[in-house]
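I have placed the structure first, in the form of structure tokens, so that the comments after it can refer back to it.
The values are calculated or read from the model by the stated rules, or taken from the named source; none is laboratory data. Because the structure is a prediction, the values reported are computed rather than measured. We place every Cβ from the backbone using ideal geometry, glycine too, and count neighbours over all the protein chains shown. For the accessible areas, the whole protein counts, side chains as well, though only heavy atoms, and no ligand, DNA or RNA atoms are used. Shrake-Rupley method; radii C 1.70, N 1.55, O 1.52, S 1.80 Å.
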Amino acid sequence: MKKLISVIVFIVAFASILFYRSTLREREVVILSTNDIHAVIDHFPELVTAVNLCRDTVATLLVDSGDRWTGNAFIDRTEGRLPIIELMNHVGYDVATLGNHEFDKGPALLQGAIEYANFPILCANMQSNTNSLTTLPGSITLKTRNGVKCFITGVVTNYDNGHPEGSDEVFADLSFSDPMEAAKSELKRHRADASISILLSHMGDKKDMEFAAKGENYNIILGGHTHTITDTIVGNTTIGQTGRFLKRLGATHIRMKGNKIASVEYRNIPLEGYTKDSATIQIVNRIENDPVLGAAVGSLAAPITHTGFANMITKCIAEATKSQIGFYHYGGIRLP
């Protein structure tokens with residue numbers, strides 16, 4: 001009997017040691033992030049190389065914080081604006097949220113893009129009241145290949161007019177709640193046992209910092225909308241944003257000790273200089289070699305700046321409308 005008890009005690013003690021060691025084992029996770037790509041697809045070959053190098057080294061998730069299109073005729077004049085989603089499927093995005101420009105052509109087109117995507121798209125503060133667009137999930141929990149659970153929420157900005165930036169008609173059958181309250185509610189109701197909490201925010205950097213200052217306990221906010229290059233910490237929350245046009249890739253390096261976060265480090269990494277992936281070059285070339293969109297409609301005798309092009313357009317507007325002054329929307333002219 002004493003021998004049996006001794007064996008049981010040894011087994012229990014040994015199991016306790018193994019459990020203790022497992023809870024303290026160190027693991028690493030990298031969250032790669034993009035935002036405000038605005039259909040600028042020329043950097044996707046470098047993006048693929050950078051992402052694959054990271055995936056070969058460490059457990060990796062790839063996320064996007066909205067505004068994937070509007071800004072490039074090769075995407076915006078293509079049916080369904082699907083080439084940008086095709087490229088994102090090709091890279092292997094894990095999850096994304098909505099930006100205000102995802103709504104530009106109405107809910108039906110957005111629904112088609114959502115169905116075409118091989119990755120989930122989140123938006124915690126949008127409610128659809130039309131059959132043209134489903135109400136999206138607000139959050140999701142993803143497990144990395146080394147077993148770390150990441151809770152991820154997505155939100156889009158909302159203004160005093162009750163919807164994100166854009167024309168009223170495209171939001172006619174949609175309603176939007178306060179993104180901060182929606183993010184807070186998702187975290188409280190659905191985080192469960194996830195070790196890392198991430199907010200994919202299309203609110204803008206100032207709103208992201210305001211939200212973090214309230215201490216709502218998201219470990220990481222990966223933002224968009226304001227096109228800033230952000231790398232900061234507010235309270236206990238790391239905040240990052242990569243600018244625009246896919247010139248940079250956000251990389252959040254998280255060190256875990258057991259199921260607890262030991263450290264978080266965010267960096268904006270320029271994609272310039274990475275080797276271009278050959279298979280992705282072929283996809284980009286196919287998209288940009290569309291014979292209709294590739295036809296020249298005019299030429300300039302000399303290089304022109306953003307301001308010079310804007311001046312030319314406002315002059316044309318004034319002449320066409322027989323007005324003394326022409327106006328244009330600042331974001332309506334986009335030069336790389």
Extreme residue, least open to solvent (accessible area, probe 1.4 Å), among residues of the range 273-303 that are closer than 13 Å to Asp42 by Cα, charged (D, E, K, R) and not in a helix (DSSP H, G or I): Asp277
Any hit, the range 238-257, residues being at pLDDT 95 or above, open to solvent by 90 Å² or more (accessible area, probe 1.4 Å), farther than 23 Å from Arg55 by Cβ and assigned to a loop (DSSP other than H, G, I, E, B): yes
Identity of the residue in the range 309-325, outside any helix (DSSP H, G or I) and either of a type outside the set (S, T, N, Q) or in contact with a helix residue (DSSP H, G or I) (Cβ under 6 Å, 6 or more places away or on another chain) (or both), that ends up least open to solvent (accessible area, probe 1.4 Å): Ile325
Test: residue in the range 171-194 that is free of Cβ contacts under 8 Å to residues at least 24 places away in the same chain and either touching a strand residue (DSSP E or B) at 6+ places or on another chain (Cβ under 7 Å) or buried (at least 16 other Cβ atoms within 10 Å of the Cβ) (or both): no
Residues being over 18 Å from the mean Cα position of the chain (by Cα) and either over 17 Å from Asn236 (Cα atoms) or surrounded by fewer than 20 Cβ atoms within 10 Å (Cβ to Cβ) (or both) - total across the range 195-212: 1
Top-ranked residue in the range 41-77 [being modelled with pLDDT under 95 and aliphatic (A, V, I, L, M); ranked as farthest from Gly223 (Cα to Cα)]: Ala73
